[in-house]
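Reviewing the structure listed below.
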Amino acid sequence: MYAKLKAGAAGYDVLTPTSYMVSVMAAQDILQKLDHALLPNLVHGYSGDILQVQAENVDIAFAMPREGGAISCDDLIIPRNAKEAKLAHAFINFLHDPAVAAENI
């Protein structure tokens, strides 16, 4: 996918690369920055983020719900040349809707 994007491929609005490739593509400025105003469901904290915050602030606690939690998370990105960026944001937001996310765990 990376090679296709670098070669100018169009027609991709949402991609799920590895975290490593996200950092490579971000460094090469071929990704759009996510518009968080269009992603109201994107409010989850990731365990790595929580652990870092806890190290900086002893008043922060983290608890796993009895129902369980996600054991992995895919990266979702929008290429810089996406033709339907608002639709891509809507899809990402849909996936992060609590009811939908619960079904995908």
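For the chain, adding -39500 (n - 2.57) for each run of n ≥ 4 DSSP H residues and dividing by the number of residues yields -10500 deg cm²/dmol at 222 nm. Cross-link partners of K6 among aspartates and glutamates, defined as those whose alpha carbon lies under 13 angstrom from its own and excluding same-chain residues fewer than eight positions apart: D29.
Candidates P17, P98, L51 compared by Cα position along the dipole of the chain: farthest toward the positive end lies P17, with charges placed on Cβ.
Nearest 10 degrees, 0 to 90: what angle lies between the long axis of helix 47-56 and the longest principal axis of the chain (Cα atoms)? Its long axis makes an angle of about 60 degrees.
Take the alpha carbon gyration tensor of the stretch 2-103, find the square roots of its eigenvalues, order them as a ≥ b ≥ c, and report rounded if a/c is under 1.5; if not, report prolate when a/b exceeds b/c, else oblate. Since a/c reaches 1.5 and a/b is larger than b/c, the shape of the stretch 2-103 is classed as prolate.
Net charge in the neighbourhood of I92 (other residues with Cβ under 14 Å of its Cβ; Lys, Arg +1, Asp, Glu -1) is -4.
A simple count of charges around D13, restricted to other residues whose Cβ falls under 12 Å of its Cβ and scoring Lys, Arg +1 and Asp, Glu -1, yields +2.
When only the Cβ of Lys, Arg, Asp and Glu is charged (+1, +1, -1, -1), the dipole of the chain relative to its Cα centre reaches about 460 debye.
Between A37 and A10, the FRET efficiency from the beta-carbon distance, with R0 = 41 Å, is close to 0.95.
If you plug the beta carbon distance of Q54 and K86 into 1/(1 + (r/R0)^6) with R0 = 30 Å, you get a FRET efficiency near 0.25. Sequence-distant contacts, meaning Cα pairs under 8 Å at least 6 residues apart, place the relative contact order of the chain at 47 percent.
The angle between the Cα long axis of helix 85-95 and the main principal axis of the chain comes to about 30°, on a 0 to 90 degree scale.
Each Lys or Arg adds one and each Asp or Glu takes one away; over the other residues whose Cβ falls under 15 Å from the Cβ of P40, this sums to -1.
Every number here is computed from the coordinates shown, using simple stated rules; none is lab data. Computed from a predicted model, the values in this text were never measured in an experiment. So basically every Cβ, Gly included, is an ideal-geometry build from the backbone, and we count neighbours across all protein chains shown.
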